[in-house]
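**Student:** Before we start, here is the structure in question, set down as structure tokens.
The values are calculated or read from the model by the stated rules, or taken from the named source; none is laboratory data. Note that the structure is predicted; figures quoted are calculated from it, not measured. Heads up, the Cβs are rebuilt from the backbone with ideal geometry, glycines too, and the neighbour counts pull from every protein chain shown.
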Amino acid sequence: MEKEACCETMKYHINYKCDIHKNPFDCPDAVIYSSKKRKSLV
């Protein structure tokens, strides 16, 4: 399920899933962390 975003770039980063790192905080390509409660920069 895709989360809402203000633009395509933001949508890409919110929905980004790394194939290598399970934890988004370990991935250098993860820019935005999104949960049910909030969105934040990594």
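**Student:** Within the stretch 28-38, which residues are of a type outside the set (S, T, N, Q) and free of Cβ contacts under 8 Å to residues at least 12 places away in the same chain?
**Tutor:** Result: PRO28, TYR33, LYS36, LYS37, ARG38.
**Student:** Filter the stretch 25-39 for residues that are outside any loop (DSSP other than H, G, I, E, B) and modelled with pLDDT under 85; which is surrounded by the fewest Cβ atoms within 10 Å (Cβ to Cβ)?
**Tutor:** In this case the residue turns out to be LYS39.
**Student:** Looking only at the stretch 7-22, decide whether some residue is within 8 Å of the chain's Cα centre (by Cα), free of Cβ contacts under 8 Å to residues at least 60 places away in the same chain, part of a loop (DSSP other than H, G, I, E, B) and exposed (fewer than 10 other Cβ atoms within 10 Å of the Cβ).
**Tutor:** Yes, the stretch 7-22 contains at least one residue that is within 8 Å of the chain's Cα centre (by Cα), free of Cβ contacts under 8 Å to residues at least 60 places away in the same chain, part of a loop (DSSP other than H, G, I, E, B) and exposed (fewer than 10 other Cβ atoms within 10 Å of the Cβ).
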